[in-house]
Amino acid sequence: MDLQLQGQRAIITAGASGIGRAIVDSMLAAGMKVATCDIDEAALATLPHSVVRARVDVADEQALTGFVKEAILDLGGLDCLVNNAGIAGPTAKIENIDTAAWRKTLDIVLTSQFLTVSSAVPALRDSANPSIVNLSSLAGRVGFALRTPYAAAKWGVIGLTKSLAIELGEDGIRVNAILPGLVAGDRQRRVLEAKAQQRGQSFAEVEAEAFRYTSIKEYVPASAIASQVLYLASPLGRFISGQAISVCGDTKMLA
């Protein structure tokens, strides 16, 4: 299927590894021009030379907004913004989570999306195919015990997405959120390991419990998230906006 993305210009936050890297690679394969930032300088160095890149901590407002503006200049405009940056945040009971950890999680997961959108919207208004895709999580729909900062921030991403879809619809800018479930990779393993430690259980026990509530009992590959992003960014997704789309194998709850 031709997604008609040749020459389209995209910015992806945290695109040097994991889901972000899968999105970058898929966009390059579709013929798009890509800019990304990441906090991991070594991972950034592994990206293809055609990718505009910068080391940025997305919790740093000046650095993040500066990157977006410079990337738009380097790309010659902007058609798609993908807000992928995030952290797992602490795994602990609410009374054991300190304020600094709470704020850091919200800054990176939620506030960074506000900052990139506010910086990118003027350029998106000039695009013939403008879109924003925000990475939320299944934890933004069903909640997640022992992960309250993360879940609260991801619920916030959905509220931001739906509000922006209404606000920016008159400019033809569509805005959607993707809600991954159990995604294959080191980050998901670390999350389950932290939960196992909190509960005094083995990794295998916690993993089995997680899949108990999932119809398709496999980890979601990052490529599946990237494929959904590409469709939403393409002209074929023109009439999809304001949606929170789960890519989770039908996970009914997070244990």
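Points to keep in mind about this one:
- Subset of segment 21-43 (residues that are crowded, with 22+ Cβ neighbours inside 10 Å and among the acidic types (Asp, Glu)): ASP38
- Only residues that are surrounded by fewer than 24 Cβ atoms within 10 Å (Cβ to Cβ) and under 11 Å from the mean Cα position of the chain (by Cα) were counted in segment 9-20, giving 1.
- Residues located in segment 91-103, provided they are crowded, with 16+ Cβ neighbours inside 10 Å and either farther than 24 Å from ALA222 by Cβ or among the aromatic types (Phe, Trp, Tyr) (or both): ALA92, ILE97, TRP102
- Only one entry of GLU95, GLU41, GLU70 meets the criterion of being out of contact with any Lys or Arg (no Cβ under 7 Å at 6 or more places or on another chain), at pLDDT 95 or above and over 12 Å from ILE11 (Cα atoms), and that entry is GLU95.
- Unique residue being more than 17 Å from the chain's Cα centre (by Cα) and among the basic types (Lys, Arg) when the list is ARG174, ARG103, ARG141: ARG103
- Just one residue in the set LEU124, LEU110 is under 14 Å from the mean Cα position of the chain (by Cα) and either among the aliphatic types (A, V, I, L, M) or surrounded by fewer than 21 Cβ atoms within 10 Å (Cβ to Cβ) (or both); that residue is LEU110.
- All positions within segment 214-255 that are at pLDDT below 95 and at positive phi: GLY249, ASP250
- Close Cβ contacts (under 8 Å, 6 or more residues apart or on different chains) running from residues in segment 2-17 that are closer than 13 Å to CYS80 by Cα to residues that are hydroxyl-bearing (Ser, Thr, Tyr) and not in a loop (DSSP other than H, G, I, E, B) comprise ILE11/THR36; ILE11/THR116; ILE12/THR36; THR13/THR36; THR13/SER112; THR13/THR116.
- Some residue of segment 133-143 being touching a Cys at 6+ places or on another chain (Cβ under 8 Å) and not in a loop (DSSP other than H, G, I, E, B): yes
- Some residue of segment 204-222 being under 16 Å from the mean Cα position of the chain (by Cα), assigned to a helix (DSSP H, G or I) and touching a residue at least 12 places away in the same chain (Cβ under 8 Å): yes
- Among the residues making up segment 223-239, those that are part of a loop (DSSP other than H, G, I, E, B) and either under 15 Å from VAL82 (Cβ atoms) or of a type in the set (D, E, K, R) (or both) are SER234, ARG238.
- Members of segment 145-175 that are in a helix (DSSP H, G or I), surrounded by fewer than 18 Cβ atoms within 10 Å (Cβ to Cβ) and of a type in the set (Gly, Ala, Ser): GLY159, SER163, GLY169
The values are calculated or read from the model by the stated rules, or taken from the named source; none is laboratory data. If you're wondering where the values come from, they're calculated on a predicted model, not measured in any experiment. Quick reminder, even Gly has a Cβ in these numbers, built from the backbone with ideal geometry, and neighbours come from all protein chains shown.
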